[in-house]
Amino acid sequence: MDWQPSASLEALRQRAALLQRTRYFFARRGVLEVETPLLCSAGVSDPAIENLAVERGTSLARPRYLQSSPEYAMKRLLAAGSGPIYQLARAFRDGEAGARHNPEFSLLEWYRPGFDLGQLMAEVAELVLEFVGERPVEYIAYRDLFLRELDLDPLLAPPAALEARARAALDVGDLAGNRDLWLDLLMSHLVEPALAGRGLCFVYDYPASQAALARLETRGEVSVARRFELYVDGVELANGYHELTDAAEQRRRFAADNARRAQHGQPLREADDYLLAALASADGLPDCCGVALGFDRLLMLASGINDIRQTLAFDWSRC
Amino acid sequence: MATFSTNEFRPGLKVMLDGEPCSILENEFVKPGKGQAFNRVKLRNLNSGRVWERTFKSGESLEGADVMDRDMQYLYTDGEFWHFMEPDTFEQFQADAKAVGDSHLWLKEQDECVVTLYNGSPLSVTPPNFVELEIVETDPGLKGDTAQGGNKPAKLSTGAVVKVPLFISQGEVIRVDTRSGEYQNRVSK
């Protein structure tokens, strides 16, 4: 029986130091630390994320979902007038395990009322640089990144052209899917590796079809999502939005997610009525930007560890 | 045959891919921030020995391959086939030149090796990591030259040619690492 930790004691000490400095970072800026429930009656609708659920217990009228991020609950606090808040949360995502994923992991998530996306990206850069040391910082639109790395326009190229580009470089067998599948494949297999060794790279203005909970804006003839992803040396570290505040639009996104779930035979997820009620309240969600950052990955980058398991006291296979 | 989902792919798992039996070498889970998750899988085609890298959508599955590794004793070759026997059941199997490949250079009668069966027939043969074989041909040994560097080719009873130190003579038995084809030491007779 391998009862020993998967992280070295040195890595655990680094984790403790990182937690302390993170709290100090936000305390200095007057951002309030909060804790929200891990077990909630609504799951996540995003078709690319599956929840783990707790099925049984006398406290349960029906199954509850282990939260894949504290997003919905934190937005309810914002709608209740909390002001800027952050959380060091445990999050759970079913089926995600590998050198950079563990089904249970730590997320650092924070929200900044009144910030625009540029201000939030700058704050994320400040935090990350404090831990990983001096690195170059780059800001590039998703479209420009694809044009630069693949000479391909991700917003206008037909899906067949995206597929042809993927097939020219990779063996994907009989893989089939829509344009987002090919964009995701190109991003994760060809673009991400090209960012290795290039420091911090903020990719913003995602295709509208990949908006998740970000608001949309038009750029000339196309619509883009006010969302960013931060890559540090090719490792995807954080995902941020200029948050959607409109209850009706939020309701449409939940419905669209479920339509895609139905199409792919995935279980449907009921909309979080608490969140919808908060968005529809008199004050509603204040205009804000929010970001979720993989805390275990930040530790990987700060300590030069290449496998997430070596940052966890006990990885998924040891508990 | 059972099917295996990408999250069950482990090194060593035998699966069918495009009609070919394969052994999984590596399985990397990749996911862009928000979107579709993929598994980037490295496999060895057990028929051709070629390494494949194939990307799957996470959650897709492959059929298991009826491939198993069995310890067997090498009996003899009739020139066309190499004959092996399972020591427990005395069941015999014949492997053709394609299955045996370069392993014939290390097969000594009575030695135990691993025969990989695919649908019950030998697909490949893995010799023991170390074998002891007699030298049938080499230049005369240099007496007393045990410390100096330098080596010479020596032909073994199986036909393999390995580099040996200068002091080794014809008729001696040496120990060879079959994975690298390198001389290890002289075996006292």
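Of all the residues in segment B:65-83, those that are closer than 30 Å to residue B:9 by Cβ and either touching a Gly at 6+ places or on another chain (Cβ under 7 Å) or not basic (Lys, Arg) (or both) number 7.
In segment A:208-225, which residue that is within 14 Å of chain B (Cβ to nearest Cβ) and of a type outside the set (A, V, I, L, M) is nearest to residue A:295 (Cα to Cα)? Quick ask: steps written out before the conclusion?
Taking segment A:208-225 first, the residues within 14 Å of chain B (Cβ to nearest Cβ) are A:208-214, A:225.
If we keep only those that are of a type outside the set (A, V, I, L, M) too, we end up with A:209-210.
Values: A:209: 27, A:210: 23 Å.
Per the criteria, the residue is A:210.
Restricting to segment B:56-69, and then to whatever is part of a strand (DSSP E or B) and among the hydrophobic types (A, V, I, L, M, F, W, C), can you tell me which residue is farthest from the other protein chains (Cβ to nearest Cβ)? Filtering segment B:56-69 for residues that are part of a strand (DSSP E or B) and among the hydrophobic types (A, V, I, L, M, F, W, C), the one farthest from the other protein chains (Cβ to nearest Cβ) comes out as B:68.
Can you pull out every residue in segment B:151-172 that is of a type in the set (S, T, N, Q) and either farther than 20 Å from residue B:76 by Cα or surrounded by 15 or more Cβ atoms within 10 Å (Cβ to Cβ) (or both)? So that I can check it myself, show each step before the final result.
Restricting attention to segment B:151-172, the residues satisfying the condition of being of a type in the set (S, T, N, Q) are B:151, B:157-158, B:169-170.
Hits for segment B:151-172 are B:151, B:158, B:169, B:170.
Residues in segment A:203-226 that are among the polar types (S, T, N, Q), part of a strand (DSSP E or B) and in contact with an Asp or Glu (Cβ under 9 Å, 6 or more places away or on another chain): A:223 only.
Going through B:62, B:46, B:75 one at a time, which residue ends up being within 13 Å of residue B:8 (Cα to Cα) and of a type outside the set (Lys, Arg)? Reasoning before the result, please.
Numbers: B:46 fails: within 13 Å of residue B:8 (Cα to Cα); B:75 fails: within 13 Å of residue B:8 (Cα to Cα).
Answer to the selection: B:62.
Note on segment A:162-177: among residues that are surrounded by fewer than 15 Cβ atoms within 10 Å (Cβ to Cβ) and aliphatic (A, V, I, L, M), the one that is farthest from the other protein chains (Cβ to nearest Cβ) is A:164. Does residue A:120 count as within 18 Å of the chain's Cα centre (by Cα), aliphatic (A, V, I, L, M) and buried (at least 17 other Cβ atoms within 10 Å of the Cβ)? Taking the combined requirement at face value, the residue satisfies it. Scan segment A:95-104 and give yes if some residue there is away from chain B (no Cβ under 14 Å), at pLDDT 95 or above and either crowded, with 22+ Cβ neighbours inside 10 Å or more than 13 Å from the chain's Cα centre (by Cα) (or both), otherwise no. Yes - at least one qualifying residue is present in segment A:95-104. Counted as qualifying within segment B:1-43 are the strands (runs of 3 or more DSSP E) with 1 or more residues that are among the acidic types (Asp, Glu), more than 8 Å from every other protein chain (Cβ to nearest Cβ) and within 14 Å of residue B:53 (Cα to Cα), namely B:20-30. Look through segment B:1-43, keep the residues that are closer than 16 Å to residue A:94 by Cα and of a type in the set (Ser, Thr, Tyr), and return whichever of them is surrounded by the most Cβ atoms within 10 Å (Cβ to Cβ). Only one residue tops the list, namely B:6. Total residues in segment A:185-202 satisfying the condition of being facing chain B (nearest Cβ under 7 Å) and either touching a Lys or Arg at 6+ places or on another chain (Cβ under 8 Å) or in a strand (DSSP E or B) (or both): the figure is 2. Identify, from the list A:205, A:180, the residue that is within 12 Å of another protein chain (Cβ to nearest Cβ), surrounded by 14 or more Cβ atoms within 10 Å (Cβ to Cβ), within 18 Å of the chain's Cα centre (by Cα) and of a type in the set (D, E, K, R). When all the criteria are applied, what remains is A:180. Checked against the criterion of being within 21 Å of the chain's Cα centre (by Cα) and not small (Gly, Ala, Ser), the candidates A:228, A:314 yield just one match: A:228.
No other residue among A:247, A:238 is over 18 Å from the mean Cα position of the chain (by Cα) and surrounded by 12 or more Cβ atoms within 10 Å (Cβ to Cβ) apart from A:247.
Is it true that residue A:32 is away from every other protein chain (no Cβ under 14 Å) and in contact with a strand residue (DSSP E or B) (Cβ under 9 Å, 6 or more places away or on another chain)? So residue A:32 fits the description; yes. Entry remark, segment B:44-55: residues being within 13 Å of chain A (Cβ to nearest Cβ) and either within 24 Å of residue A:94 (Cβ to Cβ) or of a type in the set (D, E, K, R) (or both) number 4 in total.
Per this entry, residue B:75 is not counted among residues that are closer than 30 Å to residue A:163 by Cβ and among the aliphatic types (A, V, I, L, M).
The values are calculated or read from the model by the stated rules, or taken from the named source; none is laboratory data. What you see is a predicted model; the values in this text were computed from it and never measured. With ideal geometry, Cβ positions are generated from the backbone for all residues, glycine too; neighbour counts draw on all protein chains shown.
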